[in-house]
Amino acid sequence: MAALLRDAACDSCGTHHHFCLLGAELSPGQTYSYSCPMTGQKAFLRPGSAGEDTPHPPQGAVQLSPAPDAESKVGEGTPPGHAGQLQDAVPEVVEAAQKVGGYKRLADIAGTLDEMGQ
Ligand SMILES: [Zn+2]
């Protein structure tokens, strides 16, 4: 099944195209990217409706793909890399703190090691 959006305005060339999204439903307000067949440029579309279900999109329909990086839905997708890395590191820090007898000890040891290193 595909979602079809008929005669939607194209930001890139200023005319209208049929757009289709294969294997998924269009989410109104979500941003989709596509390549305009007239200009060959990448452009974005934010449909105002869910479009219509069609088993076979018409020939020449422009294929859409979700653009998760655009300012669309908040709170979805992967978290920023830094937060993820910190999360990964925390269990090891907790483990190390437990081994030496607490975070204060760990900080003391880290400070001592730091001084020794200089
Ligand atoms: Zn176009």
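Every read-out reported here was derived from the displayed coordinates using simple, explicitly stated rules and does not represent laboratory data. Everything numeric here is computed off the predicted structure, so don't read it as measured data. Positions of Cβ are backbone-derived with ideal geometry, glycine not excepted, and every protein chain shown enters the neighbour counts.
Taking the Cα centre of the range 2-66 as origin, sum charge times position over the Cβ atoms of Lys and Arg (+1) and Asp and Glu (-1), and report the length of that vector in debye to the nearest 20.
Roughly 180 debye for the range 2-66.
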Long-range HN-HN contacts of V62 with modeled amide H, under 5 Å: H18, F19, C20
